[in-house]
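The values are calculated or read from the model by the stated rules, or taken from the named source; none is laboratory data. The shown structure was predicted, so the numbers you read here are calculated from the model rather than taken from an experiment. A quick note on method: Cβ atoms are made from the backbone with ideal geometry, for glycine too, and the neighbour counts reach across all protein chains shown.
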């Protein structure tokens, strides 16, 4: 698609003036911010005319359902390329939808959820089904909330269970530590629809929430190992580097290309036979490199068919990061190899300033507010792992890092996702016993953490 600064429109004397590209889906459409008749607008250019017609028809369905959505000011053809064009009023976004959705401010978060639920309820009441449901399909402007992406809306006959399935897709977007919000969403939806709570409603909603959440997670994890918007990937016969794109600066690239040198010149935090951990500085930021050393050729052969521990760390850190579970941000994965044979592997994460959980709790000057902070954060962390069916495998206190605003879990190379609930319950028990073992001589903390495990096991 040719990108020009002015677009002549059929049946319109004024040209559309381009300002910047907002989004491009190659082979599908282009979304551009610009001006028409002196007013700021958003234009969508479609490769296929049929897709433009679907959007116009869906927009009309939203208006008929009395759903607030940006107005169409022009629908026609780009005279230069003959591509279909739909131009919308520009609505100024005052708050980032995803940020509000995940906000720690419950009042702000619930207000936005109520607005989305109100829109969904109107759509469902008019037999409109919306797929690919996520917070960024709704735009916050002042006190108003606008529904976007009409192409995700279609006419459908909706049963009560189908409505709850749609609501489950929305709830699948809830960050795991905030999972109780699904109850607020269900209650708000039932109130808008003037429905009474039925015995199966919550069970149906949670089932679909779990399925959609897992679907999103799998899609996200698959992208962690290939070139995409978030990640850059360099792969050849001798190595593979996967790095968070925003962190892949020239200095970071140089460090990753010479990562053994970086480890040797960095501050060694741990020097063991199986792994070496070093702290390094890049671009005035601090990172931690964990190098998994190669002991012998037997280990090298095993790594052909089995995921190595650096890969496990990268994947698990990505999984926790995706679900907003506190852990140091994953930055890069580096594998030295010769064809299928892997040698040393490395996991790079952002350095977090803090102290281990045992050191924090055993301070002489610890106060009650700090103890309550630890209780709250540890409960949230352990509850999140349980909801995700993740076992850690080494729950010693030194693998929990207390920072200014969170308790983070580290050392993720042994973390495992369990599809089978029976398998998970056994692993959960092992994790529980190992964690409580940290406090066998600290009766106060032993009681506190024992009660937390009892609460999250209910």
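A few remarks follow.
- In segment 223-245, the residues that are free of Cβ contacts under 8 Å to residues at least 12 places away in the same chain and on the phi > 0 side of the Ramachandran plot form no Cβ pair under 6 Å with any partner that is crowded, with 18+ Cβ neighbours inside 10 Å and assigned to a strand (DSSP E or B), whether six or more places apart or across chains.
- Of the strands (runs of 3 or more DSSP E) lying entirely inside segment 1-108, those carrying at least 3 residues that are surrounded by fewer than 12 Cβ atoms within 10 Å (Cβ to Cβ) and without any contact (Cβ under 8 Å) to a residue 60 or more places away in the chain are 16-25.
- Leading residue by the ranking (surrounded by the fewest Cβ atoms within 10 Å (Cβ to Cβ)) among those in segment 148-171 that are without any contact (Cβ under 8 Å) to a residue 40 or more places away in the chain and part of a loop (DSSP other than H, G, I, E, B): 157
- Checking residue 117 against (1) surrounded by 18 or more Cβ atoms within 10 Å (Cβ to Cβ); (2) more than 28 Å from the chain's Cα centre (by Cα); (3) closer than 26 Å to residue 186 by Cβ, the condition it does not meet: (2)
- Residue within segment 387-395 that is over 27 Å from the mean Cα position of the chain (by Cα) and farther than 24 Å from residue 224 by Cα present: no
- Each residue in segment 370-399 was checked for being surrounded by fewer than 18 Cβ atoms within 10 Å (Cβ to Cβ) and either out of contact with any helix residue (DSSP H, G or I) (no Cβ under 8 Å at 6 or more places or on another chain) or on the phi > 0 side of the Ramachandran plot (or both), and 4 pass.
- So residue 414, is it surrounded by fewer than 19 Cβ atoms within 10 Å (Cβ to Cβ), under 26 Å from the mean Cα position of the chain (by Cα) and on the phi > 0 side of the Ramachandran plot: no
- Residue, farthest from residue 328 (Cα to Cα), within segment 358-370, restricted to residues that are in contact (Cβ under 8 Å) with a residue 60 or more places away in the chain and in a helix (DSSP H, G or I): 361
- The set of residues in segment 345-369 being under 29 Å from the mean Cα position of the chain (by Cα) and surrounded by 12 or more Cβ atoms within 10 Å (Cβ to Cβ) consists of 345, 346, 347, 348, 349, 350, 351, 352, 354, 355, 356, 357.
- Condition check for residue 110: within 24 Å of residue 189 (Cβ to Cβ), at pLDDT 95 or above and more than 26 Å from the chain's Cα centre (by Cα): no
- In segment 255-268, residue surrounded by the fewest Cβ atoms within 10 Å (Cβ to Cβ) [restricted to those that are touching a helix residue (DSSP H, G or I) at 6+ places or on another chain (Cβ under 9 Å) and closer than 16 Å to residue 349 by Cα]: 262
- Test: residue in segment 238-248 that is in a loop (DSSP other than H, G, I, E, B), at pLDDT 95 or above and either surrounded by 14 or more Cβ atoms within 10 Å (Cβ to Cβ) or within 29 Å of the chain's Cα centre (by Cα) (or both): yes
- The residue of segment 307-334 that is surrounded by the most Cβ atoms within 10 Å (Cβ to Cβ), among those that are out of contact with any strand residue (DSSP E or B) (no Cβ under 8 Å at 6 or more places or on another chain) and touching a residue at least 12 places away in the same chain (Cβ under 8 Å), is 323.
- The single condition among (1) out of contact with any helix residue (DSSP H, G or I) (no Cβ under 6 Å at 6 or more places or on another chain); (2) modelled with pLDDT of 95 or more; (3) surrounded by fewer than 21 Cβ atoms within 10 Å (Cβ to Cβ) that residue 301 does not satisfy is (2).
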